[in-house]
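Read-outs throughout are calculated quantities, based only on the coordinates presented, and are distinct from any laboratory measurement. What you see is a predicted model; the values in this text were computed from it and never measured. FYI the Cβ positions are ideal-geometry reconstructions off the backbone, even for glycines, and counts take in every protein chain you see.
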Amino acid sequence: MNKFRCVYICVLALAMLTSLAASSEVAMENPIPVDVPDQVLASNFTKLEIIPQYGNFMLQPGESKEMTVTIKNRENKTVSVKPNIVTTSYYQYSVDPEWISVKPGSAEIPAGGSQKFTVKVSVPADAALGNSGAQIAFTNETLPMPYPIPVPSYVHVFQLSVDVWTKPKIQIAPQYIYDSLQAGKEYDYEINLKNIGNESINIDPKLSNDNPYGQFPWAFTDDAITISAPSKVPAGATEIVKVHVNVPEDSKGSYNGGINLNIDDPSIREYEGRVQLSFNVWRQPTEAFAKNFSMKKAAPLTIEISSGYSNPYPYGRGTNKKLPSFETELVGPSGNANLKVTKTVIKGGVSMGGDMPPWELDSKGIYQESSVQFIETYKTNGSKGEWKLKVLPNNTERFDYSITIGE
């Protein structure tokens, strides 16, 4: 059994099983015999190889593009091919066949030979935006199906996808708001919208929270989020959408959602006009973290406590963040040790470029602080015995510690 026959029988079997499953009651009581066409058993499809089998054109209205498709004849005889443009229903809309040309219009391919075809797509200047597609069938051979289908399933096809787009007139920054929030606190964020077009554009930002895990409620409801925004962005101007989050005292867990900016600009697709929200909510502890350790002999003790954050979307972080702080206590065999801060370090990571508003590239806003770390070092003299380090963190959801015994 050659590979063409094997693949086809598998496809046909799957199609028949799907059809039978849709009418299971009838199938169980009165099984329907299915005759396999002689065409399948004989596997007498013409053996043609299409390279490539798929093409995707991204074009703006008024643009054109072409590519080469090669047909190889694997038969021992000459094969006639004639490209035919077939519209499909698998896309947002079907591409106009008038946009597509294939040259040559037909060909006789000798045994073992090949023929190159030029596929050209020309998008009119007044074309609607969106994704469309078509098939180019090089022969009229089709797969027999056990049920009617709207478009014949051609054997020798080239799949063509056409994505008609234009440059958006609104620039959005950030498109992600990602942050860690403390329960009971309030946070503010800003979304910058710059209109680079020649006309005013209307906007109407609304929360769009689609929870795919309904059985797991978010840390808080949409009522905790307030959006303030103008109704339009004038030509050449930048407007700010303000987002205020009032985190309830009893909240915990995470919140994921989004803000649909509802930008009245057809060049911006729905997912492009959406700002993602991702929050992790933590609670301020009231009891200190405790770590027990032992000392076998008297020696200097060095305690280091550090905390910070790293954000892949620095422009999506809140504007009212505070540096972390620690209430640190060290208890030894003789009671509380005389623990002194000997060094404080604040360090961070700064980058230029990447996730920044396009209009900031030539200004002081080019600097992006993507990470900040706060470190405090304590020293004291330790004696032999059992010790306990206590740390109560503030303004942070996590921290690291190190205990160094000796110089």
Taking alpha-carbon centroids only, region 332-351 lies from region 383-403 a number of Å equal to 10 Å
Quick note on His244, His156, ordering by fewest other C-beta atoms within 10 Å, gives His244, His156
Put in order of increasing Cβ neighbours within 10 Å, starting from the fewest, Tyr154, Tyr401 give Tyr401, Tyr154
Net charge (Lys, Arg +1; Asp, Glu -1) of residues whose beta-carbon lies under 12 Å from that of Phe57, Phe57 excluded, is -1
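What does the charge count around Ile346 come to, taking other residues whose C-beta lies under 12 Å from its C-beta (Lys +1, Arg +1, Asp -1, Glu -1)?
Value of the local net charge: 0.
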